[in-house]
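Nothing in this text is a laboratory measurement; each read-out follows from the coordinates by a stated rule. The structure presented is a predicted model; accordingly, all values stated were derived computationally and were not measured. No Cβ is skipped: glycine too gets one built from the backbone with ideal geometry, and neighbour counts run over all protein chains shown.
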Amino acid sequence: MKDEIHPQTLDSSEQPRNALDRAIYWFGNLISLLFIFTVGISFYEVVMRYLFNAPTIWVHETASFLGGCLFVYGGIYALSINKHVRVVLIYDIVSDTTRRWLNVFHHIMGLLFTSLLSWAAYQMVQDSWFTPFGDLRLETSGSAWNPVFPALVKGMIFATLCIMFVQFFLHLIQELNGLRKRKDV
């Protein structure tokens, strides 16, 4: 009974579709271990603060930075294994050809969305990485520790959106080839 609810193997539609998706999936599984590190340093902070009355100045910002970067990466990870949000009420009752056309529409809208967000993220990165005169100066948090994490997170957002744009483009090509060959989804 348990295997019916939670199958041991992934559905073929939930497998990485190309080399980029496979690399994203592999790297995502690797860096997901940073969540354990984040929990560990957070536990360290709690122990230092409440047992030894010696709080740290670096744990909160480091945990926020790592968590933020990992959640941003989660977008391309979900797209790589086809686990993104979808209205299955419609998607599950239509024919395979209609599903392909819905996927084509989805990928075109994804290209539009990521291109616009990439442009906005580029502007955000430019402001946080360079002075008005063009000198490299990474934005800092302004705290007592003052790391460059805000600039790095903005760079991560921009890089992830650019990768997602490429993913949507590759998926669109695959869908169009599938329609041309009349293959199932």
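Per residue of the stretch 71-81, in order, report the coupling 6.51 cos²θ - 1.76 cosθ + 1.60 (Karplus, θ = phi - 60°) as ³J(HN,Hα) in whole Hz, putting x for Gly and Pro.
Computed from phi, the couplings for the stretch 71-81 are 5, 5, 4, x, x, 6, 5, 4, 5, 5, 10 Hz.
Subtracting the Cα-Cα distance from 0.36 nm times the residue separation, let me have the gained length for residue 133 to residue 179 in nm, one decimal. Numbers along the way, then the final one.
Numbers: separation 46, 0.36 × 46 = 16.56 nm, distance 5.04 nm.
So the extension gain works out to 11.5 nm.
Grab the beta carbon distance between residue 88 and residue 108, set R0 = 22 Å, and tell me the FRET efficiency rounded to 0.05. Provide the component values of the computation, followed by the final result.
Details: r = 20 Å, r/R0 = 0.90.
According to the calculation, E is roughly 0.65.
To the nearest Å, what is the center-to-center distance of the stretch 132-185 and the stretch 67-82, using C-alpha atoms only?
Between the Cα centre of the stretch 132-185 and that of the stretch 67-82, the gap is 10 Å.
Using a 10 angstrom cutoff on alpha carbons, build the Gaussian network for the chain and name the most mobile of 136, 79, 116.
Ranking 136, 79, 116 by mean-square fluctuation puts 136 first.
If I model a spin label at residue 64 and residue 15 as a point 7 Å from the Cα along the Cα→Cβ vector, what separation in nanometres do I get?
Taking the simple label geometry, residue 64 and residue 15 are separated by 4.3 nm.
Can you order the peptides 150-158, 69-77, 40-48 by their average number of other Cβ atoms within 10 Å per residue, highest first?
Per-residue Cβ counts within 10 Å, averaged per peptide and sorted highest first, yield 150-158, 69-77, 40-48.
Just order 160-168, 59-67 by mean Cβ neighbour count inside 10 Å, highest at the front, would you?
Working: 160-168: 19.8, 59-67: 17.0.
Packing order, densest peptide first, comes out as 160-168, 59-67.
Using θ = phi - 60° and the Karplus form 6.51 cos²θ - 1.76 cosθ + 1.60, what ³J(HN,Hα) does each residue of the stretch 55-61 get, whole Hz, x for Gly and Pro?
Result, rounded to whole Hz: x, 9, 9, 10, 5, 4, 5.
Tell me, what is the FRET efficiency for residue 52 and residue 141 to the nearest 0.05, using R0 = 25 angstrom and their Cβ-Cβ distance as r?
Details: r = 25 Å, r/R0 = 0.98.
FRET efficiency, residue 52 to residue 141: 0.50.
With the Cα gyration tensor of the chain giving a ≥ b ≥ c as the square roots of its eigenvalues, does the rule (a/c under 1.5 for rounded; else a/b larger than b/c for prolate; else oblate) give rounded, prolate or oblate?
Working: a/c = 3.31, a/b = 1.56, b/c = 2.12.
Taking the square roots of the gyration eigenvalues as a ≥ b ≥ c, the chain is oblate.
How large are Rg and Dmax for the stretch 102-185 when only the alpha carbon atoms are used, in Å?
For the stretch 102-185, the Cα-based Rg and Dmax read 18.1, 60 Å.
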